[in-house]
Amino acid sequence: MRVLHTSDWHVGKALRGRSRAAEHEAVLAEIAHVATRNAVDLVIVAGDLFDSATPSPESERIVYRGLLDLAEDARPVLVVAGNHDSAQRLGAVAPLSEASGIRVASAVRPPDDGGVVEIVAGGERAQVALLPFPSQRYVVTADLLLSGDAADAHAAYADRVVRIVRALTEGFRADTINLVVAHLMVMGGTMGGGERSAHTIFDYWVPATAFPAAAQYVALGHLHRCQQLAGPAPLHYCGSPLQLDFGETANEPVVNLVDVRPGLPADVRPVALIAGRRLRTLRGTLADVVSGAQGAADDHLRVILDESARAGLADEVRSQLPNAVEVVLAPRDDAEAPAKSDADRLGRTPHELVAEYLDENDAHDERVIALFDELVEGLMDDVREASP
């Protein structure tokens, strides 16, 4: 059986206010093309289809169109909810999704009630354990549902998730392909740079030993960088299909193609994705970054300027580099000057005070001072006119 593993689409995520809807449409179409070109039997989407629990209609259109494209030619698609997704919204559309061959796991369920599904494709039978993102508030309830008792209700999050995984996978057999799909933070994983920090802290870590050796491939979502982790079973994050933020410029977007047979190790092959625009950081003087952008093609740019602040500097950068989505000044290395006391400022004019402020912050600009003087003069005129 040939499986395609993708995750962490984050459709709806903007980049410094700029929409990336067109890029998401293009990369999801590319993933569907990869599935068709490589005769994929089963598609796995390991969570975070959306960037927000309240996605826009445009984001919903892009995601559902992408899922339908993946399900073409009666290809089964399995989806688990991620921490950015609304489990309730995904659950609400599950009946419609299933009519198109798209199975959505929005909540942790017992093995015989949707927690494990059997797929027959490519001449093989697969058992697939589905584990959507278990929040700390939810995982206690899910644990009790699967274990059938209320013992140890105050056990650590990781211990409860281990018990859930064990319950989902204890029925794996030697004559079937055994897969796990989970949206989790597994210990030893390297963050890609754009993950939600509240759900990657130590409280949410799960040990790699949670997954049994009987699992031939564990398809993980949550971390945005493609990587394999050491463990009893082959543990793989496929990462995001786009570089989502400037902390992810080292990430290489891929999907994983997985060839697997009963009783044999899975053969995993990453396939590079090229539809999305790259993210690049340029630093230096204005002349330096303009020169350095010559090879940036259509990349989204973050520009860090080693320049003194001046009015209109960001506009000046964007006029020469339209792809610059962020323009900031490099941090100053010099020590801060001693703070002025109120007594030092008494008796000084507003003109003198604003000029001193700009000098202290390496942002002196005569145009700003002139505009400030004009504003102050206008206020004084209003005061004089209002006086009896």
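The set of residues in region 54-70 being closer than 25 Å to Val260 by Cβ and open to solvent by less than 10 Å² (accessible area, probe 1.4 Å) consists of Gly66, Leu67, Leu70. Of the residues Leu144, Leu168, the single one that is open to solvent by less than 70 Å² (accessible area, probe 1.4 Å), over 26 Å from the mean Cα position of the chain (by Cα) and at pLDDT below 95 is Leu144. Is it true that Tyr157 is in contact with a helix residue (DSSP H, G or I) (Cβ under 9 Å, 6 or more places away or on another chain), open to solvent by less than 20 Å² (accessible area, probe 1.4 Å) and at pLDDT 65 or above? It is true that Tyr157 is in contact with a helix residue (DSSP H, G or I) (Cβ under 9 Å, 6 or more places away or on another chain), open to solvent by less than 20 Å² (accessible area, probe 1.4 Å) and at pLDDT 65 or above. Scanning region 206-226 for residues being touching a Cys at 6+ places or on another chain (Cβ under 9 Å) and open to solvent by less than 30 Å² (accessible area, probe 1.4 Å) gives a total of 3. So, Val218, is that one closer than 25 Å to Gly12 by Cβ, at pLDDT 95 or above and part of a strand (DSSP E or B) or not? No; evaluated as a whole, the condition is false for this residue. Looking at region 245-317, the strands (runs of 3 or more DSSP E) lying wholly inside it that each contain 2 or more residues that are within 20 Å of Val328 (Cα to Cα) and within 24 Å of the chain's Cα centre (by Cα) sit at 279-284, 300-305. Contact map, region 101-126: first residue farther than 16 Å from Ala35 by Cβ, second residue part of a strand (DSSP E or B) and of a type in the set (Lys, Arg), Cβ cut-off under 7 Å, separation 6 or more or different chains; pairs are Val117/Arg103; Glu118/Arg125.
Return the residues of region 11-23 that are touching a helix residue (DSSP H, G or I) at 6+ places or on another chain (Cβ under 8 Å) and either assigned to a helix (DSSP H, G or I) or surrounded by fewer than 22 Cβ atoms within 10 Å (Cβ to Cβ) (or both); say none if nothing qualifies.
The one that is touching a helix residue (DSSP H, G or I) at 6+ places or on another chain (Cβ under 8 Å) and either assigned to a helix (DSSP H, G or I) or surrounded by fewer than 22 Cβ atoms within 10 Å (Cβ to Cβ) (or both): Ala21.
The number of residues in region 304-322 that are among the aliphatic types (A, V, I, L, M), in contact with a helix residue (DSSP H, G or I) (Cβ under 7 Å, 6 or more places away or on another chain) and modelled with pLDDT of 80 or more comes to 3. The condition of being closer than 13 Å to Val218 by Cβ, open to solvent by less than 10 Å² (accessible area, probe 1.4 Å), out of contact with any helix residue (DSSP H, G or I) (no Cβ under 7 Å at 6 or more places or on another chain) and at pLDDT 95 or above does not hold for Leu131.
So which of Ala92, Ala121 ends up being under 20 Å from Thr6 (Cα atoms) and surrounded by fewer than 21 Cβ atoms within 10 Å (Cβ to Cβ)? So the residue among Ala92, Ala121 that is under 20 Å from Thr6 (Cα atoms) and surrounded by fewer than 21 Cβ atoms within 10 Å (Cβ to Cβ) is Ala121.
The lone criterion from (1) of a type outside the set (Val, Ile, Thr); (2) over 30 Å from Ile369 (Cβ atoms); (3) touching a residue at least 12 places away in the same chain (Cβ under 8 Å) left unmet by Gly292 is number (3). Looking only at region 237-250, residues that are within 17 Å of Gly82 (Cβ to Cβ) and open to solvent by 10 Å² or more (accessible area, probe 1.4 Å) come to 1 in all.
Every residue, every condition in (1) open to solvent by 40 Å² or more (accessible area, probe 1.4 Å); (2) assigned to a helix (DSSP H, G or I); (3) in contact with a strand residue (DSSP E or B) (Cβ under 6 Å, 6 or more places away or on another chain), yes or no:
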residue: Val3; (1), (2), (3): no, no, yes
residue: Trp9; (1), (2), (3): no, no, no
residue: Glu25; (1), (2), (3): yes, yes, no
residue: Ala35; (1), (2), (3): no, yes, yes
residue: Val40; (1), (2), (3): no, no, yes
residue: Val43; (1), (2), (3): no, no, yes
residue: Ser52; (1), (2), (3): yes, no, no
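The values are calculated or read from the model by the stated rules, or taken from the named source; none is laboratory data. Owing to the predicted nature of the structure, the values given are computational and were not obtained by experimental measurement. Methodologically, a virtual Cβ is constructed for each residue, glycine included, from the backbone with ideal geometry; neighbour enumeration extends over all protein chains shown. Ligands, DNA and RNA are stripped out before the accessible areas are found, and what is left, the full protein with its side chains, is counted by its heavy atoms. Shrake-Rupley method; radii C 1.70, N 1.55, O 1.52, S 1.80 Å.
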